[in-house]
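Step one of this worksheet: look at the structure below.
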Amino acid sequence: MAYSYVLVVDDDPAIRGLVADALRGEGYAVDLAAHGREALDALRARRPATIVLDLMMPVMDGFSFIEACQREQLCADVPIVVISAVQDALKRIEQVSINACIAKPFDLDDLVRTVGLYASPMGRQRDSRQPSAVRRTLAFARLSSLGSSFGSTRRSAV
């Protein structure tokens, strides 16, 4: 079985790394981008099975990324899972084509389950019912190392 490649786009390196670690721990191949322009370059090089996209980013925000992606026909049939903390931005997503939206702070297990609706991890049957102990351990370790500035103390919350 071929593995699924997920593109994670977020300007916060801690969130980007945490999401990437969780997805890799479940068997996904992951590439990272810090903003929409980097994500477009990644899409031109390799088509992902799913995109996890923050909306509010410098250089090119998520809305501009979606518009450019559609204009260049890079993301046709590629599911987009939006993650964002800004309520006004969440209201704007009704105007763009996405597959799912998760508000920050989010539960890491919920995000991985949502990605699993659109992509299957390498060498595994898709089973989103049971969260991975490895993922929970990674989330806890990462959140602990980020300290109080990260904002959430819940083991699997981001």
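Please treat every number below as a calculation from the coordinates, not as lab data. From a predicted model like this one, the values you see are computed outputs, not experimental measurements. No Cβ is skipped: glycine too gets one built from the backbone with ideal geometry, and neighbour counts run over all protein chains shown.
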- Amide H neighbours of Ile83 at under 5 Å, excluding residues fewer than 5 places away on the same chain, with H built from the backbone geometry, are Leu53, Asp54, Leu55, Ile102
- Between Arg47 and Leu117, how many nm apart are label points set 7 Å from Cα along the C-beta direction? 2.2
- Item | Net lengthening on full extension, Met56/Arg37 (0.36 nm per residue, minus Cα-Cα) | 5.5 nm
- Message: On a full-extension model of 0.36 nm per residue, what is the gain between Ala85 and Ser64, subtracting their alpha-carbon distance, rounded to one decimal in nm?
- Response: 5.8 nm
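Would you please give the FRET efficiency between Asp77 and Asp110, computed as 1/(1 + (r/R0)^6) with r the Cβ-Cβ distance and R0 = 30 Å, to the nearest 0.05?
Numbers: r = 24 Å, r/R0 = 0.79.
Efficiency, from the Cβ-Cβ distance: 0.80.
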